[in-house]
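In what follows, a structure is listed as C-alpha cells, so that the remarks can point back to it.
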Amino acid sequence: MTYNPYRIAATAGAMLAATALAGTALADPAQVTLRLMETTDIHVHLYNYDYYRDREDDTVGLANVATLLGQTRAEVDNAILFDNGDLIQGNPMGEYMANVRGLDDGNVHPVYKAMNLLDYAVGNLGNHEFNYGVEYLEQALRGAQFAYVSANVFVDDGDDDPSNDVTYIDPYVILDRTLVDGDGGEHAIRIGVIGFAPPQIAIWDRANLQGVLIAKDIVETAEHFVPRMKADGADIVVAVPHSALAATTDRQGMDENASYWLSEVDGIDAIMFGHAHRLFPGEAYAGLAGADVEAGTLNGVPAVMPGFWGSHLGIIDLALEVDDGAWTVVGATVENRPIYERDGRTVVSLVDPDPAILAAVREEHEATLAYVRAAVGQTTAPINSYFALVADDPSIQIVTDAQKWYVEALIEGSDYDGIPVLSAGAPFKAGGRGGPDYYTDVAAGEIAIKNVADLYLYPNTVRAVLLNGAQVQDWLEMSANMFNTIDAAKDGEQALLNADFPSFNFDVIDGVTYAIDVTRPPKYGPDGALLNPDSSRIVDLRFEGAPIDPGQLFVVATNNYRASGGGNFPHLDGSNVIIEAPDTNRDVIVRYLIEKGEIDPSADDNWALAPIDGDVTVTFESAPGAQAYLEGRDDIDFVDTKESGFATYRIDLGTVPTY
C-alpha cells in the first residue's frame, strides 16, 4: 500500500472533534433541526466575474454564496456545510493556477483560500478534479482545512482481488456534532458523510489515471460502505455524490448519473448531489418516476442539487427525533436558494459578494485578468456561437482548423502520412444549462487569450483516431441526437433542439460535407445504444465531392475526452487512438493563431439541416444578442424573448442547404 497523506482513516479514530453548530430550531421542542447545506460545481468561480467577457457577473461566484451562507446559517441552531466537487477546473483562474503559477512551491490554491473561511465540514471529489493530473490534485488538496471523501475511486494496484482494494482517499468520515433542540437542550449525534465520483473518470482522464487510479460503480460501492458506516456508529448518513439523475430508472451499471439508485440504498438519509449543472428539485425532473419535485425527494429520500458556478446554495432541513441515543429522521424540507434572479432580461443580484472572500483571492484574480488579456492574434471577422447548433459556425471552425493544422504536422513522415485528416469540434458555449449569456461572442480584431479560453473551455489534450468512412458516419449519427424528431405533417410550433443533449457532444466534423435530416429518428440513443438501426439522419455524406467510401481510412483530430469514450460515441473507446499529443487543444489554438497572425474564421458551411417537405414551424432558443447577426440570413427570424432570458428564433427548413 502506498502512503497517501490525504487519507484520513475511515474509522472512529477519524471522527472530527465534537462542536456545537451555529443557527434556529424547529418550533416543536421535541424535535431537532439539522440544516445540511451544499455547494457544487463551483469550477473556480470565486469572484462574481466573467473572465471571458472581462466584466462582473452576479450570476456566479462563491463570494456571493458566502454572503447567502451567512444569512442561511443565522436562521438555524444546527447547520453543516459540504462541497460536492468540480472545484479546481473550469475557468481561466483554474487554467492560470495549473498552467502558469502552479502549486509546487506550496502555495494554497485560491479555491481553498476562500473555502477555508467558510467552515466547510467535508468536500467530495468531482470528475474535473483529475483534469490536471493526480500530483496537481494532491498539491491542491494540501490547502483544504476540511476532510475529503471519495468512496469509489481506488488505487490501481494491478490486483484483481477486490479484498485488497484501497480507496484513494477516505471513502467516508463520521462527524461528531452536538445539536441544540427547541428547548436549548444539547444532543450528541454522529453524522456519516460518503462521497462518490462518476466512474467515467477512468475514461475521461485516462492519460492522468491509467495505472494510478481506478473507479467503481457508485451504487455497489454505497451498498458496501453504508453498512460499515452504521457499524462505525453513524446515526445518520448523508451521501454527497458528484453524480446526477439519468433520464431513465433502468440501471445499467457503472452509471455516470446514479443518484436515483442511491436513494434505494438502505441507510442513506439524505442525498446532496451535483454534476449536471441543474436544479433539483426542479420541473426538468417532473417526469422521472420516484422523483417528487414538490417535496424534493427521490423515492422518499430528501435530495438537492444546487445548480453550478455558485448560482445556488442547496439546503436540506432534516427534522430529527432522538430516543435514548437513537436518532430518527421524521421529516425534511428541501430548497435551493439563489444568489440572483431575473427580471426579464435583467439580472438582479440578491446578495453582495463577501469582501473577505474577495480579499482572500484578490492576488490570483488580478493575475488571472492579466493572463487572459494578453493578445495572441487577429481575426478579420466576428466569432460567435449563437447559431452553432443549427448551422455551421465560426466558433467551431477555428477549433477544427487549428486541430487539423496540428495533426497534419504530427503525422507528416509517419505511417499515417497521406491518410486524409478530418477534424471534430463542438460548441462548448451554446446556452443550454449555462444560461442565456453562455455564448461566445468575439468581435473582429485582436484575439486575446481570454477569447481562446472562451472558444475552448476545457483543458483537453489533442488526440487523433483512425476510423473508416462508415465509422465517421456513425460518429455524426450520434452527434445528431442534438435534434428532436420533427413531424413534417404536424401543425404548430416544434422545438428543434433536444435540451437533454449537451452541446459539447454535438460534434461537427470538418473535411467532409453532409446534411442532417431531423424528420428521421436518431440511430443511437444518448447512451450510445443502437435504437433505430435502419435510420440515418446523416444524408449525402461526401468526401472531396464524392459519396464517402465506407471502407476508406481517415485520421480524425479530436480531444482526449471524445477519443477515450466520453459521450458514449460508437467506435470511440480509446482502442483506435493513434496520436496522444502532449498539448491541450486550447494551446494548439493559441499556437495556430500566433503562427497565422491573422485568420478568417468564417465557417465553410460543410454541413446543414436537410430541407423538410412541408409547412412546418420549427423554433430554437439562443441569446437575445444573436439578433445582431441576423443580417444577411434569410433562414432565421427572431420571435420573442422569454422570461428565462433566452430568445426564441424560427428557422426555415424549407430551403435546400448549400455546403
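The values are calculated or read from the model by the stated rules, or taken from the named source; none is laboratory data. Because the structure is a prediction, the values reported are computed rather than measured. Neighbour counts are summed over all protein chains in view; Cβ atoms, including those assigned to glycine, are modelled from backbone coordinates with ideal geometry. Accessible surface is based on the protein model in full, side chains and every heavy atom, while ligands, DNA and RNA are left aside. Shrake-Rupley method; radii C 1.70, N 1.55, O 1.52, S 1.80 Å.
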(message) Going by what's in this entry, would Leu313 be described as touching a Leu at 6+ places or on another chain (Cβ under 6 Å) and open to solvent by less than 50 Å² (accessible area, probe 1.4 Å)?
(response) yes
(message) Looking only at region 222-280, how many residues end up being within 30 Å of Gly567 (Cα to Cα), open to solvent by less than 30 Å² (accessible area, probe 1.4 Å) and in a loop (DSSP other than H, G, I, E, B)?
(response) 13
(message) Of the residues Ile447, Ile486, Ile509, only one is in a loop (DSSP other than H, G, I, E, B) and either touching a strand residue (DSSP E or B) at 6+ places or on another chain (Cβ under 8 Å) or aromatic (Phe, Trp, Tyr) (or both); which?
(response) Ile486
(message) From the list Gln473, Gln494, exactly one residue is over 30 Å from His128 (Cβ atoms), open to solvent by 40 Å² or more (accessible area, probe 1.4 Å) and not in a loop (DSSP other than H, G, I, E, B). Which is it?
(response) Gln473
(request) Considering every residue within region 415-430, establish whether at least one is out of contact with any strand residue (DSSP E or B) (no Cβ under 8 Å at 6 or more places or on another chain), open to solvent by 10 Å² or more (accessible area, probe 1.4 Å) and of a type in the set (Gly, Ala, Ser). (result) yes
(request) Look through Asp441, Asp392 and report the one residue that is more than 24 Å from Ile579 (Cβ to Cβ) and touching a Gly at 6+ places or on another chain (Cβ under 7 Å). (result) Asp441
(request) Would you mind telling me which numbered condition in (1) modelled with pLDDT of 95 or more; (2) under 20 Å from the mean Cα position of the chain (by Cα); (3) buried (at least 21 other Cβ atoms within 10 Å of the Cβ) Asn336 fails? (result) (3)
(request) Give region 10-53 a look and list any residue that's among the acidic types (Asp, Glu), over 18 Å from Leu118 (Cα atoms) and either open to solvent by less than 10 Å² (accessible area, probe 1.4 Å) or at pLDDT below 85 (or both), or say none. (result) Asp28
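Matching residues to (1) modelled with pLDDT of 90 or more; (2) surrounded by 14 or more Cβ atoms within 10 Å (Cβ to Cβ); (3) aliphatic (A, V, I, L, M):
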{"residue": "Glu580", "(1), (2), (3)": "no, yes, no"}
{"residue": "Arg586", "(1), (2), (3)": "no, yes, no"}
{"residue": "Glu598", "(1), (2), (3)": "yes, no, no"}
{"residue": "Ala608", "(1), (2), (3)": "yes, yes, yes"}
{"residue": "Val616", "(1), (2), (3)": "yes, yes, yes"}
{"residue": "Pro624", "(1), (2), (3)": "yes, yes, no"}
(message) Among (1) modelled with pLDDT of 95 or more; (2) of a type outside the set (A, V, I, L, M, F, W, C); (3) open to solvent by 50 Å² or more (accessible area, probe 1.4 Å), there is one condition Gly143 misses while meeting the rest; what is its number?
(response) (3)
(request) Go through Gly102, Gly106 for me and flag whichever is open to solvent by 10 Å² or more (accessible area, probe 1.4 Å), free of Cβ contacts under 8 Å to residues at least 40 places away in the same chain and in contact with a Lys or Arg (Cβ under 8 Å, 6 or more places away or on another chain). (result) Gly106
(request) Could you look through region 232-249, keep only residues that are over 16 Å from Val193 (Cβ atoms) and among the small types (Gly, Ala, Ser), and pick out the one that is modelled with the highest pLDDT? (result) Ala244
(request) Please work out if Pro550 is open to solvent by 60 Å² or more (accessible area, probe 1.4 Å) and at pLDDT below 95. (result) no
(message) I need the full set of residues from region 396-442 which are within 27 Å of the chain's Cα centre (by Cα) and in a loop (DSSP other than H, G, I, E, B), in order please.
(response) Ala426, Pro427, Phe428, Lys429, Gly431, Gly435, Pro436, Asp437, Tyr438, Thr440
(request) Just give me the residues in region 116-154 being of a type in the set (Asp, Glu) and outside any loop (DSSP other than H, G, I, E, B), in sequence order. (result) Glu129, Glu135, Glu138
(request) Working only within region 568-623, note down all residues that are among the hydroxyl-bearing types (Ser, Thr, Tyr) and in contact with a helix residue (DSSP H, G or I) (Cβ under 9 Å, 6 or more places away or on another chain). (result) Thr584, Tyr592, Ser602
(message) If Val361 meets every condition in (1) out of contact with any helix residue (DSSP H, G or I) (no Cβ under 7 Å at 6 or more places or on another chain); (2) surrounded by 18 or more Cβ atoms within 10 Å (Cβ to Cβ) apart from one, which number is that one?
(response) (1)
(request) Give the residues of region 636-657 that are of a type in the set (D, E, K, R) and free of Cβ contacts under 8 Å to residues at least 40 places away in the same chain, sorted by residue number. (result) Asp637, Asp640, Lys642, Arg650, Asp652
(request) Check region 553-575 and report whether any residue there is of a type in the set (A, V, I, L, M) and open to solvent by 30 Å² or more (accessible area, probe 1.4 Å). (result) yes
(request) Could you please let me know if Ala295 is touching a residue at least 12 places away in the same chain (Cβ under 8 Å), in contact with a Ser or Thr (Cβ under 9 Å, 6 or more places away or on another chain) and open to solvent by 30 Å² or more (accessible area, probe 1.4 Å)? (result) yes
